[in-house]
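Read through the structure below, which is laid out as structure tokens, and then see the notes.
The values are calculated or read from the model by the stated rules, or taken from the named source; none is laboratory data. Because the structure is a prediction, the values reported are computed rather than measured. As a convention, Cβ positions derive from the backbone with ideal geometry for all residues, glycine included, and neighbour counts pool all protein chains shown. SASA here: full protein model, heavy atoms, side chains in, ligands and nucleic acids out. Shrake-Rupley method; radii C 1.70, N 1.55, O 1.52, S 1.80 Å.
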Amino acid sequence: MMKKLAILLAVLVTAACENPQLGIGATFGSGGMSVSPTVSGNVSGARVEVSG
């Protein structure tokens, strides 16, 4: 349920923001590599980023 909420929030933020960007955050640790998607943009002059 939380993942669906994060995706919905990301879509809403992207629709309401200027300069939307989609990225991938990669983390390397002892357990291997972890990848998480990131959506960011500017909303009313503030930088907003959502990662899942």
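When residues in the stretch 35-44 are screened for being at pLDDT below 80 and open to solvent by 40 Å² or more (accessible area, probe 1.4 Å), 2 of them pass. When ASN19 is tested against (1) at pLDDT below 80; (2) touching a strand residue (DSSP E or B) at 6+ places or on another chain (Cβ under 7 Å); (3) on the phi < 0 side of the Ramachandran plot, just one condition goes unmet, and that condition is (3). In the set (1) open to solvent by less than 70 Å² (accessible area, probe 1.4 Å); (2) more than 9 Å from the chain's Cα centre (by Cα); (3) at pLDDT below 75, the condition left unmet by ALA26 is number (3).
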